[in-house]
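The values are calculated or read from the model by the stated rules, or taken from the named source; none is laboratory data. Fair warning: this is a prediction, and the values are worked out from it, not measured in the lab. Cβ: placed from backbone, ideal geometry, glycine included. Neighbour counts: every protein chain shown. Please note that ligands, DNA and RNA were not included when accessible areas were found on the heavy atoms of the full protein model with its side chains. Shrake-Rupley method; radii C 1.70, N 1.55, O 1.52, S 1.80 Å.
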Amino acid sequence: IDFDLILENLKDLNVLAGEGVSHIEHTPGGARLRQPEPLPLTLYQNGIVFHGPFRPYEDPSTQQCLQDIMDGYFPSELQMLYPDGI
C-alpha cells in the first residue's frame, strides 16, 4: 500500500469534494453558510476506519477502497450514499 500516494490523492479528492467551500443553505428565517460534512478516514498499521468499524487491510472491501483512492477516484462504496456524486 502506497500511503504517500493515498495521502496525496486524498488531498486532491478533498478539493474536488469542496473542501473549504461554503454553500448557501436556506432556512425558515433566512439563510446560512454550510460546509460539506467530512468523511474521516483513519489509517492504522493493520487496517483502516472509514465509514464504519475497523477494517483490516486483508479485507477485500478495504483493498478496493484503498485501490480506488490510489487510482485517484472516490471510493466506489460511497456511490450508494452519494448517487449524484460528491
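The table below lists the values:
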quantity: Test result for ILE1, among the β-branched types (Val, Ile, Thr) and part of a strand (DSSP E or B); calculated: no
quantity: Segment 49-74, residues that are outside any helix (DSSP H, G or I) and under 17 Å from ASP4 (Cα atoms); calculated: TYR57, ASP71, GLY72, TYR73, PHE74
quantity: Pairs with Cβ under 7 Å, 6+ apart, first in segment 31-50 and without any contact (Cβ under 8 Å) to a residue 24 or more places away in the chain, second among the hydroxyl-bearing types (Ser, Thr, Tyr) and surrounded by 11 or more Cβ atoms within 10 Å (Cβ to Cβ); calculated: LEU33/SER22; ARG34/SER22; GLN35/SER22; ASN46/TYR57; GLY47/TYR57; GLY47/THR62; ILE48/THR62
quantity: Flag for ASP68 being within 13 Å of the chain's Cα centre (by Cα) and of a type outside the set (Ser, Thr, Tyr); calculated: yes
quantity: Segment 1-14 - residue that is open to solvent by less than 100 Å² (accessible area, probe 1.4 Å) and free of Cβ contacts under 8 Å to residues at least 60 places away in the same chain and, of those, nearest to ILE69 (Cα to Cα); calculated: LEU10
quantity: Among the candidates PHE74, PHE54, residue that is open to solvent by 50 Å² or more (accessible area, probe 1.4 Å) and in contact (Cβ under 8 Å) with a residue 40 or more places away in the chain; calculated: PHE74
